[in-house]
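Enquirer: Next up is a structure, given as structure tokens.
The values are calculated or read from the model by the stated rules, or taken from the named source; none is laboratory data. Keep in mind that what you see is a predicted model, and the values were worked out from it rather than measured. Cβ placement follows ideal geometry from the backbone for every residue including glycine, while neighbour counts extend to all protein chains displayed. Keep in mind that these areas ignore ligands, DNA and RNA; they rest on the heavy atoms of the full protein, side chains included. Shrake-Rupley method; radii C 1.70, N 1.55, O 1.52, S 1.80 Å.
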Amino acid sequence: MKKLNAGLVLLLCAAGASAQMFKWTDAKGVVHFSDKPPQGNVAKLERKATPGGAEGVQLPYALAETARKSPVVLYTGLPCSPCDQGRALLQQRGIPFTEKTVSSNDDQQNLSEAGGSTQVPLLLVGGAKRVGFEAGGWNAALTAAAYPARGSLPAGYKNPPAEPAAPVARPLARDVAPELAPVAPPSRPVPPPDAPPGFKF
């Protein structure tokens, strides 16, 4: 019976490992973390995929540990041939990664903060940064982070879909003007019957 319970616990832990994590700041400035998206208005929302892929397929343990310790993030733009080459290298090598697209000024700002440059592609492997595409440098950074040289992604694994580099902020309730019904001008009170002629309030 104990083996069954231990197996059940491991199964439940593995199922939870593939969930997405949401981080948001509420209207009062309090930061929250949850596996469910926030309800109502939030000031800033970030969605992070844990090493389980977009379809919830689990990574092998060693690869999941490497992805946890040294997550791979690829910043790309359009059109960008070096970005396409970098994405292809990651896919051919079987690297789980998150892609962030750069198309707005806010995206450019986040790219600059992440890599110290506004050039794409930018590859982040844990704390290592590679600006521009150079296959030898990218492979060296991945190998130094203990990623396997050959793909070990399970069948059916898909990386999360690309998202903008700058998280999309939802408007706060105080920033959205409520729709108001037209207001009639205030009516003047009727003067008392004993008021002098021409008296107005």
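Enquirer: Using label points projected 7 Å from each Cα along Cα→Cβ, tell me how many nm separate GLN92 and VAL31, to one decimal.
Expert: Using points 7 Å along Cα→Cβ, the separation is 3.9 nm.
Enquirer: Full-extension gain between VAL190 and ALA162, please, as 0.36 nm times their residue separation minus the C-alpha to C-alpha distance.
Expert: Result for the pair: 3.4 nm of gain on full extension.
Enquirer: Ordering THR101, THR118 by accessible area with a probe of 1.4 Å, largest first, what comes out?
Expert: THR118, THR101
Enquirer: Which whole-number percent is the relative contact order of segment 92-140 (Cα, under 8 Å, 6+ apart)?
Expert: After rounding, I find 19 percent.
Enquirer: Okay, next question. Using only the alpha carbons, work out the radius of gyration and Dmax of segment 63-124 in angstrom.
Expert: Expressed in Å, the Cα Rg and Dmax of segment 63-124 come to 11.9, 34.
Enquirer: Taking the full set of protein chains and a 1.4 angstrom probe, give the accessible area of VAL31 in square angstrom, rounded to the nearest 10.
Expert: Its heavy atoms expose roughly 70 Å² to the probe.
Enquirer: Order of 128-137, 63-72 by packing, highest average Cβ count within 10 Å first?
Expert: 63-72, 128-137
Enquirer: Using a simple spin-label model with points 7 Å from Cα along the Cα→Cβ vector, what separation in nm is obtained for GLU134 and ARG68?
Expert: Those two pseudo-labels are separated by 3.3 nm.
Enquirer: How would LEU142, LEU89 line up by accessible area, probe 1.4 Å, largest first?
Expert: LEU89, LEU142
Enquirer: Starting from the 7 Å offset along Cα-to-Cβ, what nm value, one decimal, do you get for the label separation of ASN105 and THR118?
Expert: 1.1
Enquirer: Let me ask something else about it. Each residue of segment 94-99 in order: what ³J(HN,Hα) in whole Hz does its phi give by Karplus 6.51 cos²θ - 1.76 cosθ + 1.60, θ = phi - 60°, with x for Gly and Pro?
Expert: My calculation for segment 94-99 gives x, 9, x, 8, 10, 10 Hz in order.
Enquirer: Order ASP26, ASP107, ASP84, ASP194 by their accessible area, 1.4 angstrom probe, all chains in place, largest first.
Expert: These residues rank, largest area first, as ASP194, ASP84, ASP26, ASP107.
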